[in-house]
1. Just name one of PRO19, VAL37, PHE56: the one whose Cα is farthest towards the positive end of the charge dipole of the chain (beta-carbon charges, Lys/Arg +1, Asp/Glu -1).
2. Of all the accessible heavy-atom surface of the range 44-148, with the other protein chains kept in place and a 1.4 Å probe, what percent is carbon and sulfur?
3. Using a 10 angstrom cutoff on alpha carbons, build the Gaussian network for the chain and name the most mobile of TYR31, TYR94, TYR18.
4. Let's see if you can work this out: charge +1 on each Lys and Arg Cβ, -1 on each Asp and Glu Cβ, no other charges. What is the dipole magnitude of the range 8-66 about its Cα centre, in debye to the nearest 20?
5. Place a point 7 Å from Cα of ALA107 in the direction of its Cβ. Which residues in the range 67-92 have their backbone N less than 19 Å from it?
6. With an 8 Å cut-off on Cα pairs and a minimum separation of 6 or more residues, tell me the relative contact order of the range 58-144 in percent.
7. Give me the number: length gained by fully extending VAL10 to ILE135, i.e. 0.36 nm times residue separation minus the C-alpha to C-alpha distance, one decimal in nm.
8. Place a +1 charge on the Cβ of each Lys and Arg in the chain and a -1 charge on the Cβ of each Asp and Glu, then give the dipole magnitude about the Cα centre in debye, rounded to the nearest 20.
Amino acid sequence: MTKREKVEYVIKSLEDLYPETPIPLDHKDPYTLLIAVLLSAQCTDERVNKITPLLFEKAKLSQEEIQAIIRPCGLSPMKSKGIYGLSRILINDYNGEVPADFKALEALPAVGHKTASVVMSQGFGFPAFPVDTHIHRLMFRWNLSNGK
């Protein structure tokens, strides 16, 4: 089987098994999705879904207030710095809107390619494929990549 045939087989199998992919992170718009994805690093989706309502019910928070709310998600000093920084940029530079653009998203504090891919695909319907360690592992196992 060629690599192309393997890829087509994997895509068809995934589409058959998962015709609709639910979004495990509760959100109501691209901004709340962006924050939920950022919080999900090293944290379960279940815990993120418990924390985000507390975070989003407040209008204006300092970095310290954000950190206190998100502490149960882990890595709160860096995550709160990222949330605070990216929120200020969105307000000042994007009229409070999350840009539907990979480069603009990846330029925001604490937003990497994986987070941008999730927001672009789930928040804006743009075809994107978020790659994490699980995808890397599977691609190697299926002999579709060298694992690097």
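The values are calculated or read from the model by the stated rules, or taken from the named source; none is laboratory data. In this text the structure is predicted, and so the values were computed from the model without any measurement. Quick reminder, even Gly has a Cβ in these numbers, built from the backbone with ideal geometry, and neighbours come from all protein chains shown. Keep in mind that these areas ignore ligands, DNA and RNA; they rest on the heavy atoms of the full protein, side chains included. Shrake-Rupley method; radii C 1.70, N 1.55, O 1.52, S 1.80 Å.
1. VAL37
2. Of all accessible area on the range 44-148, carbon and sulfur atoms account for 55 percent.
3. Of TYR31, TYR94, TYR18, the Gaussian network model singles out TYR18 as fluctuating most.
4. With only Lys, Arg, Asp and Glu charged at Cβ, the dipole is about 260 debye.
5. Answer for the range 67-92: 82-92.
6. Across the range 58-144, relative contact order equals 16 percent.
7. 43.8 nm
8. Working: 18 positive and 17 negative charges, 113 e Å.
With Lys and Arg at +1 and Asp and Glu at -1, about 540 debye.
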